[in-house]
């Protein structure tokens, strides 16, 4: 018996390596045919794929992941919209290939005359393109300074945040590190399209100091880090685990909160669990869409709706800002830890607060303001 509606998704995401492994785990979909395309109550899309090896499988697509599920999920009645558009163009089409774009959080399904691009980052999006990568329709219209997701536009992949470690030569890596003014750890994370937690795990395994200057790294250390990252990012799929809202499929510095047999098993279970509290992102998006449609009502209702829309927009922007701040704080975690430790040691020695403030502000490149009397510390990220 099918459930009455799909549950809200937890606020989880996949590391780029976990997404790579997820794509590899689901290669059995290649050469399968799309038999049914439906919208679910929470704005997910369910696609029934008939595979040669495993028969019919339910491919579930959400804003930040995709997975194969054996759990029945009821579809919307007469949904129309994007799922109906997909049905018109790729129903009964054969999947020619399923690939991750580089190491980005982007997955591309190739059909005989179409491409379905899944952008599994930020709010998430689905884009259907023709054989020339001209956009036929996007689930959500979006625009940035360098690209636009709109019918008739040429689809342009977003810029990667760094180089693929599998394509990086040791001499090039060393040359870029020597010209960097950052720490060895920070420069590696900035230079390569890799998960910071995975890099941190490599540094711990190699017993390297994260704070050491990139330009001081020895040839042996540079080679060890790059070799480890190449091995990790070329590894075969295996067990996965959840840590701090992120699914990983390789050893990191993070403690596993829950273990799974595979990445697909992790995504399947976590995405189908009811959210512990609050609304999921998909529910907020649905509410926003429904509110927007209702704006043709009476004036008082319209004012209330506009206020609700502004509230939702503000929450979405705040979420993005907090995520960016969190990523930057992660990169400077060790420096902040050392700063607080230095302050504690100086206080224990009886050094005056003003003297501590002056010395630390001169010594730390990221410290912009220190007011010990108010326990206030400001940094430049």
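The values are calculated or read from the model by the stated rules, or taken from the named source; none is laboratory data. Keep in mind that what you see is a predicted model, and the values were worked out from it rather than measured. Because the Cβ atoms are built from the backbone with ideal geometry, glycine has one as well, and the counts that use them run over all protein chains shown.
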For this session: Return yes or no: is residue 37 assigned to a strand (DSSP E or B) and closer than 20 Å to residue 12 by Cα?
Result: no
Seminar exercise, completed: Selection over the stretch 163-189 where residues are in a helix (DSSP H, G or I) and in contact with a helix residue (DSSP H, G or I) (Cβ under 9 Å, 6 or more places away or on another chain) yields a count of 14
Problem set entry | Members of the stretch 99-135 that are without any contact (Cβ under 8 Å) to a residue 24 or more places away in the chain and either outside the structural domain of residue 19 (by TED's automatic domain parsing) or within 17 Å of residue 159 (Cα to Cα) (or both) | 108, 133
Problem set entry | Set 190, 204: member being within 15 Å of residue 250 (Cα to Cα) and surrounded by fewer than 20 Cβ atoms within 10 Å (Cβ to Cβ) | 204
Seminar exercise, completed: Filter the stretch 331-381 for residues that are modelled with pLDDT of 80 or more and surrounded by 16 or more Cβ atoms within 10 Å (Cβ to Cβ); the one that is farthest from the chain's Cα centre (by Cα) is 346
Exercise. If you go through the stretch 128-150 one residue at a time, do you hit one that is within 26 Å of residue 85 (Cα to Cα), under 17 Å from the mean Cα position of the chain (by Cα) and in a loop (DSSP other than H, G, I, E, B)?
Worked result: no
For this session: Would you mind telling me which numbered condition in (1) surrounded by 21 or more Cβ atoms within 10 Å (Cβ to Cβ); (2) under 25 Å from residue 364 (Cβ atoms) residue 211 fails?
Result: (1)
Exercise. What are the residues in the stretch 238-259 that are surrounded by 19 or more Cβ atoms within 10 Å (Cβ to Cβ) and farther than 25 Å from residue 177 by Cα, if any?
Worked result: 240, 241, 242, 247, 248, 249
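Just to confirm my filter: which strands (runs of 3 or more DSSP E) fall fully inside the stretch 47-106 and include at least 3 residues that are within 25 Å of the chain's Cα centre (by Cα) and crowded, with 20+ Cβ neighbours inside 10 Å?
55-62, 65-69
Does residue 241 satisfy the condition of being touching a helix residue (DSSP H, G or I) at 6+ places or on another chain (Cβ under 7 Å) and at pLDDT 95 or above?
The answer is no for residue 241.
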For this session: Return the residue satisfying two criteria in turn: it lies in the stretch 260-281 and is part of a loop (DSSP other than H, G, I, E, B) and modelled with pLDDT of 95 or more, and of such residues it is surrounded by the fewest Cβ atoms within 10 Å (Cβ to Cβ).
Result: 261
